[in-house]
Amino acid sequence: MCGISAYIGKENNAAEIVFNMLSRLEYRGYDSAGIAYVKEGKQDKIFVVKDKGMVEDVKKQYTPEHSDLCIGHTRWATHGESSKINAHPHLDCKQEIAVVHNGIIENYVSLKEILEEKGHKFISATDSEVLSHLIEEFYNKDDVLNLEEAIRQAIALLRGSYGIAVISSKEEKIVAARLGSPIIIGIGKDEDEYFISSDTNALLPYTNSTIPLNDGEIAILTKNDYKIINKDALPVQKKIEKILHDLQSAEKGEYAHYMLKEIFEQPRVINETMRGRLRLEEGIAKLGGVRMKKEEIRNINRIVFIACGTSLHAGMLGKYLMEEIARIPTEVEYASEFKYKFPVIDKGTLVIAISQSGETADTIASLREAKERGANTLGIVNVVGSTIAREAEKGVYVYAGPEIGVASTKAFTAQITALYLLSMYFGRIRNTISGFALRELVEEFARIPGKVSKILDDADVIKDIADEFYNYGDFLYLGRGYNFPIALEGALKLKEISYIHAEGYPAGEMKHGPIAMIDENFPTMAILVKDNVYNKIMSNVEEIKARHGRFIAIITEGDEEVKKILKGDDKNKVISVPKTHPLFYPFLTVVPLQLFAYFCALKLGRNVDKPRNLAKSVTVE
Ligand code: F6R
C-alpha cells in the first residue's frame, strides 16, 4: 500500500531510475504518483513532478534532466482523495524539504493544529503533509543543517505507522525511516550508489544486496556511503541480505498479465514449496523451519490462524486440515479483529500468521498481540525477510516467488501447500494419522502439480464459459467442507478483478437464506467434486435448477451422474477437474475459479493486474 523509491549515486539520471522503480512498485498503489529531485549543480531548489494517475502518465510530465538524487511515491489514498495536491511528495513551507510517506499518521490532526498555530501553511488533505512541516520545524535550528537529526526529533512525536524518504535542497543526502511500513535499502554493486524501496521487486534491476530497516531505525544515504542509526542516534550495524529470486521471476514474459502468468506458475510453485519437505520414500512430510521439539508439538492444545483476504481463506482450509489430520482444535481469525477482541491465549496456543507479503499491517499487529499474550507464533510467509517472517518465532516460507498481480493466486496455492505439509507433519508427530494413511496422502500430494497442469492445459474451456457468463451482475459460489474456503476464494477473485458481485457460501447454508436470490438472473458456481459431501451439493444444484437458476458446476472428470442432470441442457455448464483424494480437491477447484475470474475481467475490459481501489500489500490498519 503506497510504494516508495529513491536513488542517490553516480548516475545523473536519478529521476528516471526512480520512475522505473516506481513502475515496479505500482501494484502497491496506483491512484497518483510523483517524484522530487535536486538538479545537478542547482542544489538550492527541489523540483517536483506529481499528479493523479499511473506512474507512466505522470512520467510524461517530466522532462529529463541531470539529477543525482531523487525520491518517489506511488499512492493508495487513505486521507484525501486521489488528486495532484494530495499526491506525494509533500513539501514544507520553504519548499526546501520533500517527503514521501507510506502508512498513517494517526495524530496528524493535533500535530497539524500545532503547526498551523506556528504559521505553517498546509495545502493538501493528507495526513502525510504534517511530516514535511514537522521536519521543517526541527530543521536548521541553531543554524545546524542536519536532516537526520530533524527527522529523528520529528518522528518521536508521531503516532501511527510510517515508512518515509526525505530530501532537503540544502544537503546532498536521502534520509529514510521506518515504523511499521517497510523500507529496504539497496546497496549498489560498487557501493557508489544507493536505493530505497518499499519492497525488493523495484531493486532487482539494480542490485540484489539489501538492508531491510527495522522499526525505529533511520538510514542516511549519501553518494558513496550509508549509515544506519537508531532512535537514540546510536549507530546500528546491519548485515547485507541477498535477494534470492532473479529479475526474470518478477517479469510478465510472454503472458498478457501478471495474474495469468502467476496462475500458470502454480504447478511449479506447489513443487517448489514441497521440495525437500514431502519425502516420498519415507512417506512423510518434514518442515525444518518449524523448529519445535516433538514434545512441544504434542503439547499444542489449540491453533489460531490469523490472516486477511486470500491468506485468511488459506487459513480456513488449514483449520479443516489441522482438525482432521492432526486433531488440533483450530480457529481462524480475521487479523483485523483478533487484536481488538482481547484474545484468549495460553502457552499451548500456537498462533499461525499467514501472509504473502509479510507486511500486512493487521496481521503484524495481531502477531505482536499474540506474542505479548505469550503465544507460540509461526509465520507462513512468501516474502523472505519481511516483517512477519522476521517477527514470528518460527517460520515456513512458501516458495511462490514474486507475486505482482494484485489479486493473489499462486501465493494461495503455495500457502495451502505449506498447510497440508504442516498438518501432515503435526499429525505424524502427534500420532493422529496412521503411517499407511499418511503414505497414501504423500503419494497423492506428489501428483497434484501434474493435475493442476492438466487443468491449465484446458483453460480455453473456462474462457468459453466466462465469455457466456461475464455479463451477470451477481454470482453465488457454493462449496462445502474443504471446498467452502475455495468458494469464498473464488468469489473474492471475481469481485476483485471483474467487479461482479459474488457471495461465497457453505453450500448447506443455501437453503437458510441465499436461495431467495436465485432466479434466471442469478447464476451459481457450485463446487461439486466427488468427496464426502458430493450428494448434498448435488441436491443444492437440483434446487437451483428447479428455480430456473443457471449454474456452472466444477465436477470430477467422468462424473456420469452430473452429466445425466445436464442432458439436453445447454444453459448450465460443467468444468471437469482430474480425480484426486478428497482432501486434495481444493488445489484443483481453486484454479478454474481463478481462471474464470480472469477471463470475466478480461472480457469486461478491467485492469486485471491493478484493479480499482486495491493495493497489493495493505500496510495500514
Ligand atoms: C486477494 C488479496 C488480498 C490479500 C490480503 C492479505 O487477492 O490479494 O486479499 O490476500 O490483503 O495479504 P497478505 O497475504 O500479503 O498478508
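In the chain, the longest principal axis of the Cα atoms and the axis of helix 14-25 are about 20 degrees apart. Candidates 459, 434, 541 compared by Cα position along the dipole of region 434-585: farthest toward the positive end lies 434, with charges placed on Cβ. Paramagnetic label reach from residue 536 (point 7 Å along Cα→Cβ; backbone nitrogen cut-off under 18 Å): within region 497-526, residues 504-515, 525-526. Taking a straight line from the alpha carbon of residue 563, these lysines sit under 22 Å away, with near neighbours fewer than eight places off in the same chain left out: 451, 454, 463, 530, 536, 545, 571, 573, 579. Each of 601, 470, 565 was placed along the dipole of region 459-603 (beta-carbon charges, centred on the mean Cα), and the one lying farthest toward the positive end is 565. Which shape class applies to region 3-243: rounded if a/c is under 1.5, otherwise prolate when a/b exceeds b/c and oblate if not, where a ≥ b ≥ c are the square roots of the Cα gyration tensor eigenvalues? Since a/c stays below 1.5, the shape of region 3-243 is classed as rounded.
With a/c under 1.5 counting as rounded, go ahead and sort region 258-448 into rounded, prolate or oblate using the C-alpha gyration tensor (a ≥ b ≥ c being the square roots of the eigenvalues; past the cut-off, prolate if a/b is larger than b/c, else oblate). Before the final figure, lay out the partial values.
Values: a/c = 1.85, a/b = 1.06, b/c = 1.74.
Verdict is oblate for region 258-448.
Using the Cβ-Cβ distance between residue 440 and residue 106 with R0 set to 60 Å, the FRET efficiency from 1/(1 + (r/R0)^6) comes to roughly 0.70.
Alpha-carbon geometry of the chain: the Rg and the Dmax are 25.8, 87 Å, given in that order.
By how many nm would the segment from residue 390 to residue 453 grow when fully extended, if each residue of separation counts as 0.36 nm and the alpha-carbon distance is taken off? Can you show the working numbers first?
Working: separation 63, 0.36 × 63 = 22.68 nm, distance 3.35 nm.
Gain on extension, residue 390 to residue 453, equals 19.3 nm.
Fewest Cβ neighbours within 10 Å first, please rank 342, 596, 19 accordingly.
On the way: 342 9, 596 26, 19 23.
So the residues, fewest neighbours to most, are 342, 19, 596.
Only the Cβ atoms of Lys and Arg (+1) and of Asp and Glu (-1) were treated as charged; on that basis the dipole of the chain about its Cα centre amounts to roughly 1500 debye.
Take the residue pairs 347/371; 59/94; 94/227; 189/238; 493/610; 50/189 and return only those whose Cα atoms are more than 19 Å apart. Can you show the working numbers first?
Values: 347/371 10 Å; 59/94 25 Å; 94/227 27 Å; 189/238 17 Å; 493/610 13 Å; 50/189 30 Å.
Among 347/371; 59/94; 94/227; 189/238; 493/610; 50/189, the Cα-Cα distance tops 19 Å for 59/94; 94/227; 50/189.
Our note on the geometry: Cα centres of region 423-457 and region 19-56, 48 Å apart. By how many degrees, 0 to 90 and rounded to 10, does the Cα axis of helix 534-546 deviate from the longest principal axis of the chain? Roughly 90 degrees between the two axes. Of the chymotrypsin sites (Phe, Trp or Tyr not before Pro) found in region 319-407, not one falls in a DSSP loop while having at most 12 other beta-carbon atoms within 10 Å.
Working out 0.36 nm times the residue gap between residue 346 and residue 579, then minus their Cα-Cα distance, what length gain in nm do you get to one decimal? Walk me through the numbers on the way to the answer.
On the way: separation 233, 0.36 × 233 = 83.88 nm, distance 4.12 nm.
Working it through step by step, the gained length comes to 79.8 nm.
For residue 121, which aspartates and glutamates qualify as cross-link partners when the Cα separation must be under 13 Å and same-chain residues fewer than eight apart are set aside? Straight-line reach from residue 121, under 13 Å: 92, 113, 129, 136, 137. Gain on full extension, evaluated as 0.36 nm per residue between residue 557 and residue 190 minus their Cα-Cα distance, stands at 126.4 nm. Against the longest principal axis of the chain, how steep is helix 484-498, in degrees 0 to 90 to the nearest 10, with axes from Cα atoms? Approximately 50 degrees, to the nearest ten. Classify region 201-306 as rounded, prolate or oblate from the Cα gyration tensor: take a ≥ b ≥ c as the square roots of its eigenvalues, call it rounded if a/c is under 1.5, otherwise prolate when a/b beats b/c and oblate if not. Oblate, since a/c reaches 1.5 and b/c is not below a/b. As a length-normalised measure over Cα pairs under 8 Å and 6 or more apart, the relative contact order of the chain settles at 12 percent.
Each residue, residue 85 and residue 65, gets one label point 7 Å from its Cα in the Cβ direction; the gap between the two is 2.6 nm.
Only the coordinates and a few stated rules stand behind these numbers; no lab work does. It should be emphasised that the depicted structure is a prediction, and the values quoted were computed from it without experimental measurement. So basically every Cβ, Gly included, is an ideal-geometry build from the backbone, and we count neighbours across all protein chains shown.
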